[in-house]
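A short write-up of the structure that comes next.
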Amino acid sequence: MTTWRAPPHGQLSRRHLPTRWRISRRRTPNAPRAPNDASSTQFIPQGDRLCPTQLPILTSCRKTPGWRRKGLLEEEKRITRERDAVNALRRRLPMVRVEKDYAFEGPQGALTLRDLFGDARQLFVGHFMFDAEWENGCSSCTHLADEISPAHIRHLADSDTAFAYVSRAPIDKIEAYKAKRGWTFPWVSSFGSDFNYDFGVTFDREKGSVTYNYKTEAELAERNLYGIRSGQSSEHPGFSAFLRIDDDVFHTYSTYGRGGETFGGSHYILDMTGWGRQQDFEVSPEGWPQEPTYG
């Protein structure tokens, strides 16, 4: 298969385009028509493939961005509705009782998974990549954690949801790195427990943890996904949601890889929990807590 390479920036013309990408005056399905708009010529990727050379048009016609923006708005609304539907399915996943007594260590000493809830009914755990041998946490996880403000924690608490980061590094390394970054959110160590292995964020054949993002060791090694090489131990990011019924803890959801990139907003975090945002626009099981969306 021949790989097409774009010419240097500023030197692109129609003759440079491969035959599978053509310039067409056909409108995309359901796209609004722009009357008398000579600039409506656009790339139509054949086979639903996006042309990497497509650039925004430059125009002095105020109608042009308006009708194109309306077409994009329809797509944005469609995605919003689909996301709501996916969130509804998520709230109906089987809830698995956590039977193992996981041991954690915080700044004040030993903790259990139940302790991480505090008085909240839900717990959202961030699996922060921090190997026991490292002196600093993962740079990508650090970037994400930098965006967590005290308001995030308060807004989650308002929806009966606690938050904590968990890493395999010893607590003294976690505390040192946390102080270095100026963070105040809860962060505990799972060092010495099976928590990271059981929830699929530490890949280690000796511990029996040989899957990540619901793919087997063979699938990961064959495609070299997430940098995993067969037989090598490695740390990986993720998020897990838990629900407490009295003192019984249930695992309701986990996501890995790009699944956590919406973490910056508390609403998106709540979308990944068993109860969701707890607002009445959501399609939730009967009896789930809900408040008026704009109340």
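The values are calculated or read from the model by the stated rules, or taken from the named source; none is laboratory data. Remember, it's a predicted structure, so these values are computed and weren't measured experimentally. Here the Cβ positions follow ideal geometry from the backbone for every residue, glycine too, while neighbour counts run over all protein chains shown.
Do we have Val201 as surrounded by 15 or more Cβ atoms within 10 Å (Cβ to Cβ) and among the aliphatic types (A, V, I, L, M) here? Here the answer is yes, as Val201 does meet what is asked.
Results for (1) within 30 Å of Glu282 (Cβ to Cβ); (2) of a type outside the set (D, E, K, R), shown as yes or no for each residue.
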site: Val86; (1), (2): yes, yes
site: Leu89; (1), (2): yes, yes
site: Lys100; (1), (2): no, no
site: Ala103; (1), (2): no, yes
site: Gly106; (1), (2): no, yes
site: Asp115; (1), (2): yes, no
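With a requirement of 2 or more residues that are in contact (Cβ under 8 Å) with a residue 12 or more places away in the chain, the strands (runs of 3 or more DSSP E) lying completely within the range 102-196 that satisfy it span 103-106, 122-127, 161-167, 187-189. The combined condition, being out of contact with any helix residue (DSSP H, G or I) (no Cβ under 8 Å at 6 or more places or on another chain) and in a helix (DSSP H, G or I), is not fulfilled by Arg92. The set of residues in the range 256-288 being in a strand (DSSP E or B) and crowded, with 19+ Cβ neighbours inside 10 Å consists of Tyr256 alone. Looking at Glu261, Glu282, just one residue is modelled with pLDDT under 80, of a type in the set (Asp, Glu) and closer than 21 Å to Asn87 by Cβ, and that residue is Glu261.
Would the range 265-286 turn up any residue that is without any contact (Cβ under 8 Å) to a residue 12 or more places away in the chain and more than 20 Å from Ala120 (Cβ to Cβ)? Yes, the range 265-286 has at least one match. The set of residues in the range 247-295 that are closer than 21 Å to Ala151 by Cα and of a type in the set (S, T, N, Q) comprises Thr262, Ser266, Thr273, Gln278, Gln279, Thr293. For the range 244-253, the condition holds for at least one residue, the condition being that it is within 15 Å of His127 (Cα to Cα) and either within 23 Å of the chain's Cα centre (by Cα) or in the same structural domain as Phe185 (by TED's automatic domain parsing) (or both). Filtering the range 132-155 for residues that are within 17 Å of Thr262 (Cβ to Cβ), surrounded by 13 or more Cβ atoms within 10 Å (Cβ to Cβ), touching a helix residue (DSSP H, G or I) at 6+ places or on another chain (Cβ under 6 Å) and not β-branched (Val, Ile, Thr) leaves a non-empty set.
Against the condition in a strand (DSSP E or B), in contact (Cβ under 8 Å) with a residue 60 or more places away in the chain and surrounded by fewer than 17 Cβ atoms within 10 Å (Cβ to Cβ), how does Phe239 come out, does it pass? Answer is no for this residue. Filtered by the rule that a residue be at pLDDT 85 or above, charged (D, E, K, R) and over 27 Å from Ser149 (Cβ atoms), the range 226-246 gives a lone residue, Asp246.
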